[in-house]
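Just below is one structure, and these are the notes that go with it.
The values are calculated or read from the model by the stated rules, or taken from the named source; none is laboratory data. Being a predicted model, the structure only gives us computed values, none of them experimental. Don't worry about glycine lacking a Cβ; one is built from the backbone with ideal geometry, like all the others, and counts go over all protein chains shown.
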Amino acid sequence: MDTALTLTTDMKLVLGLVGFTMVMFLFERIRADVIALVVLVLLGLSGLVAPEAIFGGFSSNAVMSIIATMILGAGLDRTGALNRLAAWLLRRAHGVEERLLLLTGAVAGINSSVIQNPAVMALYLPVASRLSSRTGLGLPRLLLPLAAAIVMGGSLTMVGNSPLIMLNDLLLAANSNLPSGAATLEPLKMFAPLPIGIALLTASLLYFRFFGNKRLHDEVGKGATPARTQSYFANAYGIDGEVFELTVTADSPLVGMSLGEAEALHGAPLILALKTKDDARLSPPADARIWVGSVIGAMGTRQQVGDFAQNQMLRLSSRLRVFGDLFNPSRAGISEAVLPATSKFIGKTGSDLQLRKQLGLSLLAINRDKKVMRDDVREVPLRAGDMLVLHSIWTDLAEAAKGKDLVVVTDYPKGEQRPHKLKIALAIFAVSLLLALSSRLPVSVALMTGVAGMLIAGVIHIDEAYSAINWKTVFLMACLIPLGWAMDSSGAAAWVAGHSIEQLPQATPRWVLQLALGLLTTAFSLVISHVGAAIVMVPLAINLALAAGGNPTAFALVVALSASNNFMTASNPVISMITGPANYTAKELWKVGGPLSLIYTLIAVAMVNLLF
């Protein structure tokens, strides 16, 4: 490479824009996506990028892949897959903190290999909340290890995080500016970084198992939300136990009774669901009749429900074969709602209002002036300020809340949940990944095939797909991609690389250069985000490799991996999502995340050199 390149006006303009971007990102006076848009406009006005290519970032494979992974992640979320995963994690951990952290981190890391890191963190926040409430493990000791595993797991594939998704586009763009005789750069395959990702994820799990978690503060019980139903409602209202299915036999005295009559029997558990013939529903009305073969969904302790089943000649099953989907936590659950002074419910009883029949709400208890009423609650006249404890399908609750007669204070899933679509969603997702493994199709096309499949199958609706897209991330990436092109095409990256090599001692080992690149990229990511750091540093890494006689793909991969190596500041979108819920301080993040970041760099450089 020619290290005696003259610094041209175009190079000065590009380097000036890079400096402007870094300063603006550092001071955060203007939103990052707005800054990126300003940079894009300046690139167009200055002629540094051709007019026909200035908006090419929006149609790039990288941006389309990110949009696809966001929608696919939302589709899986609609099926309640992670709620089932939380239950599985709890069963496998057996209440042991170390095992819970290891299992949760490993599974989340694997998930992040095919779904965007922020999306995985968003999906796992309620899972972490539920795990914390059921085990007593404080969120601070759970969220940072989980976030680190998600970031590390993003390195398992080429679609796990934004820098790796962009890398192939940046490699292909660099081919047009390679010096004569240089080998053409080929895009990396889907699982090219898999060994690196495995090493990084393993290091993260071991780090928090033996060192990092001991340096995190604990806040047991802090940050709880009402949606963490089992422990919360058991402590506050005495509503405890599990859900069982009771099948009515021909000898049962319940045959021919109304549901209201059955509920009035001595020792009756909470009756939350009823199936007669082919009609299964939550919150059945009190006048619904019970017949031979009917299945009752009852909540209570095993002893209570067992005694009731024996006395009423019912077959008891603890496995939810009939009501599995109805009682899926992503679809239904217990909530709290307050009656405002303007409510039309005031002065009326639950029976008068026919809450189950008209609104699909089962009234379980009333909290009035710190006194909890559970006996004959449907016959208690309601007052302003009463806290109602309800069980319902979330969509029914959302519909009831629109009437302004009750104010729901529970954090519950607002969108429609489709647990019955779980298997088809997983099948579509698996097919899209298999297509992505094929070298014949771009990853963006393969992932968009999965999006189309989920839309056609009704896993997710088109308006929900639009809502799932984080347009800030899309604009940030699409607007900054041309800056990376300008760095390369103007010769600015080659100029910086050449002069950097001149300042180094002769025969400097290539791994030292990669280590320096990794640390510099990490520092940039603290200031200009992981996307900005990758876009600026990948062209520089390619030219530095050419100047040093190294492998440009290996150098570029070190940069793409290092761009996500930020566990210390909120400029990493994953870390920004957990600082509030866990109340992490800046000092705590640096104390725990700093050593982990150094470990990340060392492993990334070592593994890249082993593979390339």
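Things to note:
- For the range 263-291, taking the residues that are crowded, with 22+ Cβ neighbours inside 10 Å and small (Gly, Ala, Ser), the one that is farthest from SER392 (Cα to Cα) is identified as ALA273.
- The residue that is nearest to TYR466 (Cα to Cα), among those in the range 92-121 that are in a helix (DSSP H, G or I) and at pLDDT below 70, is ALA93.
- With respect to the conditions (1) of a type in the set (Lys, Arg); (2) touching a helix residue (DSSP H, G or I) at 6+ places or on another chain (Cβ under 8 Å); (3) closer than 21 Å to LEU363 by Cβ, ARG281 lacks only one, and its number is (2).
- The range 356-367: number of residues that are without any contact (Cβ under 8 Å) to a residue 60 or more places away in the chain and closer than 23 Å to GLY300 by Cα: 2
- Selection count where residues are surrounded by 21 or more Cβ atoms within 10 Å (Cβ to Cβ) and either within 28 Å of the chain's Cα centre (by Cα) or free of Cβ contacts under 8 Å to residues at least 12 places away in the same chain (or both), scope the range 43-63: 4
- Flag if ARG134 is at pLDDT 70 or above, among the basic types (Lys, Arg), in a helix (DSSP H, G or I) and within 26 Å of LEU216 (Cα to Cα): no
- Test for SER529: is it in contact (Cβ under 8 Å) with a residue 12 or more places away in the chain, part of a helix (DSSP H, G or I) and under 21 Å from LEU43 (Cα atoms): yes
- Selected residue (criterion: modelled with the lowest pLDDT) from residues of the range 188-224 that are more than 15 Å from ALA604 (Cβ to Cβ), part of a helix (DSSP H, G or I) and among the hydrophobic types (A, V, I, L, M, F, W, C): PHE210
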